[in-house]
Amino acid sequence: MSDDTTTATSSVAVNDGVKKVRAKHDEHGHLTDFGYVQIFVILAVITAVEVAFSYIDMPTPVFLVGLFGMMIVKFYLVAAEFMHLKYDAKMFAGFFVTGIVLAVAVYMIFMSASQLWQSF
């Protein structure tokens, strides 16, 4: 009989722990379903503008700055809202910002190097 009581007690303790974790998780203020749809529409519009950019004749610096700007906005929306970094510790956001800065730097270095090698 005591084994049944111990099992029931630990089951209640686990359920209480799960409820506390869920309550703490819900305090974050996550987006509603409509909010996620809004983010999706914003991302789709930005992607359409990026595609349209490729058909518009413009100076290369304007083209690159425009694309990088849209890329950073899309990165922020995905990381902040879909990955919930907006509600997590700032350390995690720092990791992602460091990642995007390094990715842009490597891309710029690659583009610079490829332009340099074309002249030889």
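The values are calculated or read from the model by the stated rules, or taken from the named source; none is laboratory data. Everything numeric here is computed off the predicted structure, so don't read it as measured data. Positions of Cβ are generated from backbone atoms using ideal geometry, with glycine treated the same way; all protein chains shown enter the neighbour counts.
Summary table below
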| item | result |
| --- | --- |
| Selection count where residues are exposed (fewer than 10 other Cβ atoms within 10 Å of the Cβ) and not β-branched (V, I, T), scope segment 47-57 | 4 |
| Helices (runs of 4 or more DSSP H) wholly inside segment 1-99 containing at least 3 residues that are β-branched (V, I, T) and modelled with pLDDT under 85 | 2-26 |
